[in-house]
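Working notes, structure below.
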Amino acid sequence: MPSPNYSRGPTGSPVNLPSGPTLAKLIGAAILVFVVVLFGSAGTFVVEPGTRGIKVTLGKVTDKFLPEGFGFKMPLITHVVPVTIKQRTTPLTAQCFSSDLQQVMLELRVLYRVPEGSVVQIFKQYAGDPFDSLIAPRIQEAMKEITAAYTAEQIVKDREAIKQRAITAARQKIGQILSVEDIVIRNIDLSHELEAAIEAKMVAEQEAARARFTQLLMQVEADTAVIRARGEAEAIRIRGEALKLNPAFLRLQIVEKWNGHSPLVIPQPADSSQSGLLLPLAPSPVSP
């Protein structure tokens, strides 16, 4: 008769252990659960927001991307590669030369994204980050072509125009496979001698502009004084003609200028050849 299968517990009391067939069933069930969980996790996938999935089965890529969300795949033989379609910003340096043969170093920030319809093509045809293989060399080429038509001083002054031309040229060179949203020119590095020369020229232009403004202001003041003098002369001439045509108005002016004391001599206008006029006084009434 077989002996019972038991063991001593921590307190020394006997503990019954499963028999051989029962233990084998438990182990088999655990292995089955593990396999089911393994295959379940290997047979599903999740595409995160802002990405698209590329399904690869035994080295073969499907022609359509997988949208965001949950899905099933063949376990162990199929895997899903995520490709982001979010906008990204990547720094880039472009070493260029101006039309006056000055070396110009441009520090750029390139904003780009992968269009949804290009994720499969990019995955099939290009390895690594598409920025390094598609965008960076074409933008550097575009910047070199554009800056070659500007002097170093114009590059500093017209950076917005250079930026817009660079965006247009880069989009033409890259095509529709990638979308260049914007190119930001963060810094333009020139030699110290060239920066000093440009600064001196700008200071001289500002001084010249200030001198021209001062000269224009003085001319305006002079013209204003001439116009004022002409107006005063015309007023005097009109007044003199009015006095000649209306002597009564002259006597009225004499009376208005008399202060009540005698004798009174009224000066004639400046354009008159006569001497001053003596105001005729009426005899003052005798007080009673």
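Quick note: the coordinates plus some simple rules give every number you see, no bench work behind them. It should be emphasised that the depicted structure is a prediction, and the values quoted were computed from it without experimental measurement. Using ideal geometry, Cβ is built from the backbone for each residue, glycine included, and neighbour counts are taken over all protein chains shown.
Which ordering of Thr57, Thr151 is given by a fewest-first count of other beta-carbon atoms within 10 Å?
Thr57, Thr151
Lysine pairs in the range 97-195 8 or more apart or on different chains: how many have alpha carbons under 18 angstrom apart?
Here the count comes out as 4.
So, counting K/R as plus one and D/E as minus one, what does the shell of residues with Cβ under 11 Å around Thr62 add up to?
Summing Lys/Arg as +1 and Asp/Glu as -1 gives +4.
Please report, in whole Å, how far the alpha carbons of the range 139-179 spread along each principal axis, starting with the longest.
35, 16, 11
Calculate the FRET efficiency for Glu145 and Thr84 from the Cβ-Cβ distance with a Förster distance of 30 Å, rounded to the nearest 0.05.
That pair, Glu145 with Thr84, gives E of 0.50.
At 7 Å along the Cα-to-beta-carbon direction for both Glu232 and Phe97, put a label point, then send me their distance in nm to one decimal.
Going from the Glu232 label point to the Phe97 one covers 6.8 nm.
When we measure straight from the Cα of Lys55, which aspartates and glutamates land under 17 angstrom away, once same-chain ones fewer than 8 places off are left out?
Partners found: Asp63, Glu68, Glu116.
Could you compute the FRET efficiency for Val184 and Asp132, with r as their C-beta to C-beta distance and R0 at 30 Å, rounded to 0.05?
0.95
Report, in cubic angstrom per residue, the convex hull volume of the C-alpha atoms of the range 88-190.
83
Short version: ³J(HN,Hα) in whole Hz for each residue of the range 128-145, in order, from phi by Karplus 6.51 cos²θ - 1.76 cosθ + 1.60 (θ = phi - 60°), x for Gly and Pro, what are they?
Values, residue by residue: x, 6, x, 4, 5, 9, 10, 8, 4, x, 6, 5, 4, 5, 5, 5, 5, 5 Hz.
Mind listing the phi-derived Karplus ³J(HN,Hα) values for the range 89-94, rounded to whole Hz, using 6.51, -1.76 and 1.60 with θ = phi - 60°, and x for any glycine or proline?
Result, ordered by residue: 10, 10, x, 8, 10, 10 Hz.
Could you work out how much longer the chain between Leu58 and Ile177 gets when fully extended? Use 0.36 nm per residue separation minus the Cα distance between them, nm to one decimal.
In short, 40.2 nm is gained.
Under a 5 Å amide H to amide H cut-off, with H placed in plane at 1.01 Å, what residues pair with Glu181 once short-range neighbours are removed?
Leu111, Tyr112, Arg113
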